[in-house]
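Okay, structure first, notes after.
Since every read-out is calculated from the coordinates, none of them should be taken as a lab result. Since this is a predicted model, take the numbers as computed values, not measurements. Reconstructed Cβ throughout: ideal geometry from the backbone, glycine too, with neighbour counts over all protein chains shown.
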Amino acid sequence: MTTSFLSLRFTRRLQSFGLFIVVIALVIFIGAICSYSANSITVTIEGFQFTPAEIEIKQGTIVTFINKDDAPHTVDPDSGEGFVGTGRLKSGESKAIAFNTLGIQSYHCAIHPSMMGKAIVK
Ligand SMILES: [Cu+2]
């Protein structure tokens, strides 16, 4: 009887240890997903503007620009040095760009110069 009581306690301990491992694994998994999504974001081009017009990102973040307008647009760096531009994005097209240079990277549409946006790379 004592033996079965002990083995029951041992089984319970084993079960709670298993649960502990599952919880830890889940926390690591969710953390990995969060850190991944923090390193890639989307900027929508719609209504002849960048949305959001200003983004604050970590160095190395991949920003995907999606053109949801009927008109073509570009994403060109104002300085020409901070990152490589998208080139002409036709309606429905998108392009992912890595922002590797620290600082404020402002950009515009070469076809419609009134369209402006900026990425604050930290
Ligand atoms: Cu444009």
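With both residues required to sit in the chain, DSSP beta bridges show an antiparallel share near 65%.
Compute the relative contact order of the chain as a whole-number percentage, counting only Cα pairs closer than 8 Å that sit 6 or more residues apart in sequence. Display every interim value, and only then the final one.
Details: 218 pairs, mean separation 27.8, N = 122.
Rounded, it is 23 percent for the chain.
Sorted on the mean count of surrounding Cβ atoms within 10 Å across their residues, most packed first, peptides 111-121, 88-98 read 111-121, 88-98.
Of all aspartates and glutamates in the structure, those lying under 13 Å Cα to Cα from residue 95, and not within fewer than 8 positions of it along the same chain, are 76. Working note: Debye formula, equal point scatterers on the alpha-carbon atoms of the chain, no solvent; log10 I(q)/I(0) at q = 0.13 Å⁻¹ is -0.58.
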